[in-house]
Amino acid sequence: MESKSKSKSKDEDGKVYLVGAGPGDLGLVTLRAKECIEQADVIVYDHLANPEMLGWARDNAEIIYAGKKAGEHSLSQQEINALLAKKAREGKQIVRLKGGDPFVFGRGAEEAKAIVDAGIEFEIVPGITSAIAGPAYAGIPVTHRSENSHVTFFTGHEDPAKTESAIDYAALAKLGGTQVMLMGVERLEAITSEMLKQGVREDLPVALVRWATTGRQETLTGTLRNIAERALDRGFEPPAVAVFGEVVALRESLNWCEKRPLSGKRIVVTRTRKQASALSSKLRALGADVLELPTIRIEPPSDLRAFAELVQDAHTYDWIAFTSATGVEAFFEIFFKLYDDAREIGGVRIATIGPATAQRVKDFHLHVDLQPDEFVAEAVVREFRKQGDVENLRILLVRAEKARDVLPKELSTLGAIVDEAFAYRTVPETRDTTGARRQLLEQGADLITFTSSSTVENFLALGLPWPKGMQIASIGPITSKTARDCGLKIDIEARRHDIDGLLEAVREFFAAKDVSEQRS
Ligand code: SAH
């Protein structure tokens, strides 16, 4: 995508990027797609494009849902084409985000044609299609040297009874090999009957993979004879891909994805968008369906000048104490604006709470002199005491505005001289770019994770009805207490009060639950 710094003449047209969003898993998006999303002025996305990736968009990007989900109001194809042309004429960079690969069914080619006809520049960013990734995530390779030498993709959207049907089922039957059908799970009965009629053997293995590559993935297997009935019994709904062929049998040994420890569990992450990613990606790697619902956002402190002055004087203190990674970042952002030499920090010693905070300090190539084992403020006071006489020590405490005030108070009681540097402010996140709140309301969740008191308070402040059966995981006793004070019940509390500790506790919780469910 063109860089913003390049000067553009006023009447210059924009450009449309027809981008494949991949099959659903956020990790299956190309680097080019991410780059395009990050730079777009306008994003027009479909029902099948994972909305989480809208979190990569610029804050002021215009985001438009084009729908395409049955029964929901959405833009018609003509309206979409017109919209793309209109926005491009305004000189905008537009990302048209489509599920899977933009040129595999789903009308990508028609949109490209309309853009060309309108005389607008465009680019295609291919994506991983669900036709291949869907089977792969169900443990089905679309080819295998000893099973087949060709793969066919076809759409089940067509009515096979239609006389002018574009799909020649007789030819398909003769061709054999692996056949992958997109769309049309609703027509499975008619399609399988037609295949049987054309002489395909009735015990041919068939698999349906629904919401493939997402945390909601489900697979149903059967034979050409019984798959339609099974799908009906199970209420197996779209979107799904169907795989017909011998390769389906390989799933028995190759199924990997549905066996992951958090597979099928939907988990809500409430941290700020930027902080969420570490927790989210680890949960996803364990198979969870993660819903990022940021409840808070980091903003500069109300008095930035006061903060900057304290940063400037940091070298005059005996200690700097950081209580969060965000505080460390805010501190050094200002520090390196004021000074161009790291040595200006002087001989000050550094204390941190929590491993993430310490890591952030180490990222700046500075040594952490004091890091209490427990990641709560009380423990810091204890550690300072251990270090000997605290009396008259000058301590600069870098923290959020309105944080709990036990730390400065206790340190002052011990005789230290404490200055508080308010580095940032957490404010409620009012935007919902990815539609996560709507998704939570519509689809519920198994678990919500709280990583600080402010995530609890701000989640409750959203006033969303509590989804049925959604359990709670807390990072530690202080967060749990806040939650209990708000009338919530804690189901999981991390023993180690950091992200890995929380992850471990969540994992153990579901493992124990699975065992008890298997017993009953
Ligand atoms: N361009 C898309 C396909 C669009 S047509 C691609 O390359 O994947 C829409 C059909 O794609 C759906 O009806 C379904 O058959 C399939 N599909 C898309 N995403 C899917 C997913 N995550 N799981 C299962 N099927 C999916």
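The values are calculated or read from the model by the stated rules, or taken from the named source; none is laboratory data. What you see is a predicted model; the values in this text were computed from it and never measured. In this analysis, Cβ positions are derived from the backbone assuming ideal geometry, glycine residues included, and neighbour counts consider all displayed protein chains. Quick note on the areas: whole protein, heavy atoms, side chains included, nothing else; ligands and nucleic acids left out. Shrake-Rupley method; radii C 1.70, N 1.55, O 1.52, S 1.80 Å.
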Heavy-atom SASA rank of 454, 281 (probe 1.4 Å, accessible area, largest first): 281, 454
Cut-off under 5 Å, modelled amide H: who pairs with residue 93 long-range: 15, 41, 42
Inter-part distance where region 446-520 and region 286-317 are each reduced to a Cα centre, Å: 24
Shape category assigned to region 132-259 from the gyration tensor of Cα positions, a/c cut at 1.5: oblate
Neighbour cut-off at most 13 other Cβ (10 Å), DSSP loop, trypsin sites (Lys or Arg not before Pro), region 414-490: 431, 468, 489
Selection of trypsin sites (Lys or Arg not before Pro), region 321-411, meeting DSSP coil and at most 15 other Cβ within 10 Å: 402, 404
From phi via Karplus (6.51, -1.76, 1.60), per-residue ³J(HN,Hα) for region 258-267 in Hz, x at Gly/Pro: 6, 9, 5, x, 10, 4, x, 9, 9, 10
By accessible area with a 1.4 Å probe, ligands and nucleic acids excluded, highest first: order of 466, 56, 319: 466, 56, 319
Neighbour net charge for residue 359 - beta-carbon separation under 14 angstrom, K R +1, D E -1: -2
Hz values of 3J(HN,Hα) by residue in region 378-392 - Karplus curve (6.51, -1.76, 1.60), Gly and Pro given as x: 4, 5, 5, 4, 4, 5, 4, 4, 4, 5, x, 5, 8, 3, 6
Spin-label model distance (nm) - residue 147 vs residue 367, 7 Å beyond Cα toward Cβ: 5.9
Structure-based [θ]222 nm, the chain - -39500 (n - 2.57) summed over DSSP H runs of at least 4, per residue, nearest 500: -10000 deg cm²/dmol
Point-to-point label distance, residue 308-residue 359, nm (Cα→Cβ direction, 7 Å offset): 3.1
Out-of-range pairs (alpha-carbon distance over 24 Å; input 92/274; 98/282; 274/386; 86/274; 274/468; 489/513): 92/274; 98/282; 274/386; 86/274; 274/468
J(HN,Hα) series, region 468-483, from Karplus relation 6.51 cos²θ - 1.76 cosθ + 1.60, nearest Hz, glycine and proline x: 4, x, 6, 9, 10, 10, 10, 7, x, x, 6, 4, 4, 5, 4, 5
For the chain, Kirkwood radius (reciprocal of mean inverse C-alpha pair distance, Å): 26.3
